[in-house]
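The structure appears below as structure tokens.
The values are calculated or read from the model by the stated rules, or taken from the named source; none is laboratory data. None of these values were measured; they are calculated from a predicted model. When we count neighbours, we look across all protein chains shown, and the Cβ atoms used for this are built from the backbone with ideal geometry, even at glycine. Protein only, heavy atoms only, side chains kept; ligands, DNA and RNA dropped before computing areas. Shrake-Rupley method; radii C 1.70, N 1.55, O 1.52, S 1.80 Å.
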Amino acid sequence: CSDLFGLESAISDLFQKINGSGTLNASVRFHDYRTRLKLEQELLIFRVVQELINNIIKHSNAGFIHFTQNANATHSYFRLHHDGKGIVQADFDRLSHNSTGLGLKNIASRIKVLEGRILFEIDPSETYFKVTLEIPKDAMY
């Protein structure tokens, strides 16, 4: 299918630009992206990833951002790891209801449209943060 927007290439381009800017190290791995999501879903996911990355670059002082995509029979998973100052789920839940966190509000409403979930976690060693988008493959509009 030859649509103009492909999530994999769009995210790869975005990460290439970040790398090119020299501010931090950015890498991307798509592991299992043979089953493409619908175009509308891909656009929404891209906007969420873009917003998350902007926040990481702006607020976290991270040295690296790593993006991975995985899938199982029912869901696609998109995960960002970074080693900067991040937020955990309670922060997101609080901030996304807060009128000042406009970007986070946008993220929350896009995830709702996707019928997905977004999880903000810190790893047990507290060396990096991860954000996971969990999107059902058969989300209907």
_Given the -39500 (n - 2.57) contribution per DSSP H run of 4+ residues, what per-residue ellipticity at 222 nm results for the chain, rounded to the nearest 500 deg cm²/dmol?_
-11500 deg cm²/dmol
*Around Val28, with a cut-off of 10 angstrom between Cβ atoms, what is the net charge of the other residues, counting Lys and Arg +1 and Asp and Glu -1?*
-1
*Hey, got the dipole for region 1-125? About the Cα centre, +1 on K and R Cβ, -1 on D and E Cβ, debye to the nearest 20?*
160 debye
*If Ser9, Ser27, Ser60 are ordered by their accessible area, calculated over protein heavy atoms with a 1.4 Å probe, which sequence runs from highest to lowest?*
Ser9, Ser27, Ser60
*Determine the order of Ile65, Ile57 by accessible area, beginning with the largest, at a probe radius of 1.4 Å.*
Ile57, Ile65
*asked:* Using a 1.4 Å probe on the protein heavy atoms, what percent of the accessible area of the chain belongs to carbon and sulfur?
replied: 53 percent
*Under a 5 Å amide H to amide H cut-off, with H placed in plane at 1.01 Å, what residues pair with Ala26 once short-range neighbours are removed?*
Asn19, Ile65
*How many Å² of accessible area per residue for the chain, probe 1.4 Å?*
56 Å²
*State the answer as a single residue: which of Ile65, Val131, Gly103 lies farthest towards the positive end of the charge dipole of the chain, with beta carbon charges of +1 for Lys and Arg and -1 for Asp and Glu, about the Cα centre.*
Gly103
_What do you get for trypsin sites (Lys or Arg not before Pro) in region 1-102 restricted to DSSP loop and a cutoff of at most 10 other Cβ within 10 Å of the site's Cβ?_
Arg34
*Number of Lys-Lys pairs in the chain under 27 Å by Cα, sequence gap 8 or more or different chains?*
20
*Does region 51-112 classify as rounded, prolate or oblate by the C-alpha gyration tensor (a ≥ b ≥ c root eigenvalues; a/c under 1.5 gives rounded; else a/b over b/c gives prolate, otherwise oblate)?*
oblate
_So I have [x] 1.18; [y] 1.08; [z] 0.94, and one of them is Rg/Rh (Cα atoms, Kirkwood Rh) calculated from this model. Which one is it?_
[z]
*For the chain, which DSSP H helices look membrane-span-like by this rule: Cα extent along the axis of 20 Å or more and mean Kyte-Doolittle of at least -0.5?*
7-21, 39-55
*asked:* Between His59 and Lys17, how high is the FRET efficiency from 1/(1 + (r/R0)^6) when r is the Cβ-Cβ distance and R₀ = 22 Å? Nearest 0.05.
replied: 0.70
